1. Report whether or not B:Val97 is without any contact (Cβ under 8 Å) to a residue 12 or more places away in the chain, β-branched (Val, Ile, Thr) and within 8 Å of another protein chain (Cβ to nearest Cβ).
2. Just to verify a result, which residue in segment B:80-96, among those that are in contact with a Phe, Trp or Tyr (Cβ under 7 Å, 6 or more places away or on another chain) and closer than 17 Å to B:Glu151 by Cβ, is surrounded by the most Cβ atoms within 10 Å (Cβ to Cβ)?
3. Considering only segment A:50-64, I want to know if a residue exists there that is at the interface with chain B (Cβ under 7 Å from one of its Cβ atoms), surrounded by 17 or more Cβ atoms within 10 Å (Cβ to Cβ), assigned to a loop (DSSP other than H, G, I, E, B) and in contact with a strand residue (DSSP E or B) (Cβ under 6 Å, 6 or more places away or on another chain).
4. Can you find a residue in segment A:122-130 that is under 19 Å from the mean Cα position of the chain (by Cα) and surrounded by fewer than 19 Cβ atoms within 10 Å (Cβ to Cβ)?
5. Would you point out which residue out of B:Arg39, B:Arg18, B:Arg53, B:Arg62 is charged (D, E, K, R), part of a helix (DSSP H, G or I), crowded, with 16+ Cβ neighbours inside 10 Å and not assigned by TED's automatic domain parsing to the domain that holds B:Ile139?
6. Of the residues A:Glu96, A:Glu34, A:Glu110, which single one is closer than 19 Å to B:Asn69 by Cβ and either in contact (Cβ under 8 Å) with a residue 60 or more places away in the chain or at the interface with another protein chain (Cβ under 7 Å from one of its Cβ atoms) (or both)?
7. Which count do you get for residues in segment B:55-77 that are closer than 22 Å to B:Ile158 by Cβ and either within 8 Å of chain A (Cβ to nearest Cβ) or touching a helix residue (DSSP H, G or I) at 6+ places or on another chain (Cβ under 6 Å) (or both)?
Amino acid sequence: MDPLDRAIVNRLQAGFPVVERPFAAAARELGTSEDELIARLEELLERGVLTRFGPMYQIERMGGAFSLAAMRVPRADFERVAGIVNAMPEIAHNYEREHDFNMWFVLATETREGIGAAIGRIEAATGYIVFNFPKLKEYFVELKLAV
Amino acid sequence: MSAMNDMIQAGIDATDRRIVLATQGGLPLEREPYAAVARAAGVPAGEVMRRLRRMLDCGIIRRIGAVPNHYALGFKANGMSVWDVDDARVDALGPRVGALEFVSHCYQRPRVPPHWPFNLFAMVHERDRGEVGEKLAVIAALLGDACRGHEVLYSTRILKKTGLRLAG
């Protein structure tokens, strides 16, 4: 990444305008051109430096729910279970972690009841218990990586 | 989220939903992305922008922007630290842990006895595990005797990272 890439990643984590030509507006701030910014974003997404670019929806504010859940999956069965879990559209992220609780995923469903239903389907399909850790309080959320 | 925002009726109608479906995978990378969304959603461009602004104002959209892959950016140590904090003190201490500049997410979550005694989760992303360890010492010092124990769970693989998806 060159200095312009870094500036783009830093600046565009903070927000993007809702105007007719938003790339032109953001490019002016970054000291580059509209077309160059678009090309750089395409490349950053293609290289996997960015996982996505766009609106981040808060499903809870649309009447839905998020939850964090975890499973303890035996090593030998891990890939099968990961395949089942990842195939579900309700799973937004899934991480393998180094722990007895070795699979951690975030569920996002359009209704509050959807979380329990999705967990039930995972338990039925995998044969393992899903531990649900819905947030009780949100103290802070803001992932901004300075690069 | 401010109390004011909490009072705004946050909900989406069928038109909003079409806009969500057209943008949840990302914004089109072209000069007039909202016009492209308008074509995909079958909604006039001005209406798309007005509705996106409303969804931003009431917190349905947290923000519009770039989501970095922390591994690709060199933040290879992703530590989910979990703490067993006195229930009477967790609400006072949680915001202070969240306010530490190196903590990206901080939540109170339920314990699941006897399997899981931890009720405070704080995510720490650093370049290596040594750096994460230094940051955990700062959190431990802040929590002091309100904390009965903690662990850190490092991620070893991203199995999936798509963000939320409403079914079309």
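1. Working: without any contact (Cβ under 8 Å) to a residue 12 or more places away in the chain: no; β-branched (Val, Ile, Thr): yes; within 8 Å of another protein chain (Cβ to nearest Cβ): yes.
No, not satisfied.
2. In the first step, residues of segment B:80-96 are kept if they are in contact with a Phe, Trp or Tyr (Cβ under 7 Å, 6 or more places away or on another chain); the result is B:80, B:82-84, B:94-95.
Okay, now just the ones that are also closer than 17 Å to B:Glu151 by Cβ, so B:80, B:82-84.
Working: B:Met80: 22, B:Val82: 22, B:Trp83: 26, B:Asp84: 19.
By that ranking, first place goes to B:Trp83.
3. Here is the first cut: in segment A:50-64, the ones at the interface with chain B (Cβ under 7 Å from one of its Cβ atoms) are A:50-59, A:61-63.
Remaining after also requiring surrounded by 17 or more Cβ atoms within 10 Å (Cβ to Cβ): A:50-55, A:57-59, A:61-62.
Retained after the next criterion (residues that are assigned to a loop (DSSP other than H, G, I, E, B)): A:58.
With in contact with a strand residue (DSSP E or B) (Cβ under 6 Å, 6 or more places away or on another chain) added as a condition, the list becomes A:58.
Yes, there is a match, as at least one residue in segment A:50-64 is at the interface with chain B (Cβ under 7 Å from one of its Cβ atoms), surrounded by 17 or more Cβ atoms within 10 Å (Cβ to Cβ), assigned to a loop (DSSP other than H, G, I, E, B) and in contact with a strand residue (DSSP E or B) (Cβ under 6 Å, 6 or more places away or on another chain).
4. Narrowing segment A:122-130 to residues under 19 Å from the mean Cα position of the chain (by Cα): none.
There is no residue in segment A:122-130 that is under 19 Å from the mean Cα position of the chain (by Cα) and surrounded by fewer than 19 Cβ atoms within 10 Å (Cβ to Cβ).
5. On the way: B:Arg39 fails: crowded, with 16+ Cβ neighbours inside 10 Å; B:Arg53 fails: crowded, with 16+ Cβ neighbours inside 10 Å; B:Arg62 fails: part of a helix (DSSP H, G or I).
Only one candidate passes the filter, namely B:Arg18.
6. Only one candidate qualifies: A:Glu96.
7. Restricting attention to segment B:55-77, the residues satisfying the condition of being closer than 22 Å to B:Ile158 by Cβ are B:62-63, B:65-77.
With either within 8 Å of chain A (Cβ to nearest Cβ) or touching a helix residue (DSSP H, G or I) at 6+ places or on another chain (Cβ under 6 Å) (or both) added as a condition, the list becomes B:62-63, B:65-70, B:72-75, B:77.
Residues flagged as closer than 22 Å to B:Ile158 by Cβ and either within 8 Å of chain A (Cβ to nearest Cβ) or touching a helix residue (DSSP H, G or I) at 6+ places or on another chain (Cβ under 6 Å) (or both) within segment B:55-77 amount to 13.
The values are calculated or read from the model by the stated rules, or taken from the named source; none is laboratory data. In this text, all values refer to a predicted model and were calculated from it rather than measured experimentally. For neighbour counting, all protein chains shown are included, and Cβ atoms are generated from backbone atoms with ideal geometry for every residue, glycine included.
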